[in-house]
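S.K.: Let me begin by handing over the structure; questions about it come next.
The values are calculated or read from the model by the stated rules, or taken from the named source; none is laboratory data. These numbers come from a predicted model, not from an experiment. Note that we place each Cβ from the backbone using ideal geometry, even for glycine, and neighbour counts take in every protein chain shown.
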């Protein structure tokens, strides 16, 4: 079954590698799988955004070198993170957890646009398909299956919508190989027990697929860390979030008053 999924994943990536593309790259399992396949069809630009010394930058640097692909590092200062957060809030407002996810995406899309890329490939959907989030392990059987199906269906209104809006802001398109319909159908048709790992060994099926595809071993074995944490963005935003929210609230109030006084 893994071999069939590997074939479908190659199709998924190939379909999005027409012309100049970039990959939102952390050096982890999901983005490394995309990069490993993409290099068969094009020379993608790998882009990583993060604070100096962050886990994502260090891991991405190593895996990009192993893949022998061009790699752009976007090193974010505290001032830049705050500035980008405010821009992301204008694109799609929400609470800290929703908006902070957009900060590395915004920074990478901006760099991709500067490099003349038409689109950026991301790993969205991998956690839902291959049961990668810790919270999934609080559920079992049919309840877990229903939760996973619901979250996959909701991705176009969640993470994917946010990435779509950010990419569009730079005149680009975001693409999601893990959400290629034939691939999704094949994964969901498998018995849950064949997809489910443990809290200490998540996404075993995807790791098997990655091994078949020739993904570097360090990327296959790297433990998942959410983008806002692996990039170091979350920690710096926490230090500034109160001031940011007060400023944004004041601007909203000013807009409201201007509207009322028209």
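S.K.: Going by the structure shown, is residue 18 at pLDDT 95 or above and out of contact with any helix residue (DSSP H, G or I) (no Cβ under 6 Å at 6 or more places or on another chain)?
M.R.: Criteria not met by residue 18.
S.K.: Sort out which residues of the range 199-227 are over 28 Å from residue 20 (Cα atoms) and either in a helix (DSSP H, G or I) or modelled with pLDDT of 90 or more (or both), and write them in order of number.
M.R.: 201, 202, 203, 204, 205, 208, 221
S.K.: Would a scan of the range 158-174 turn up a residue that is surrounded by 13 or more Cβ atoms within 10 Å (Cβ to Cβ) and either modelled with pLDDT under 90 or farther than 30 Å from residue 115 by Cβ (or both)?
M.R.: yes
S.K.: Follow-up question, since we're still on this one. Condition test on residue 256, is it over 16 Å from residue 86 (Cβ atoms), modelled with pLDDT under 95 and touching a helix residue (DSSP H, G or I) at 6+ places or on another chain (Cβ under 7 Å)?
M.R.: no
S.K.: If you go through the range 46-62, how many residues are touching a helix residue (DSSP H, G or I) at 6+ places or on another chain (Cβ under 7 Å) and under 22 Å from residue 103 (Cβ atoms)?
M.R.: Qualifying residue count, the range 46-62: 9.
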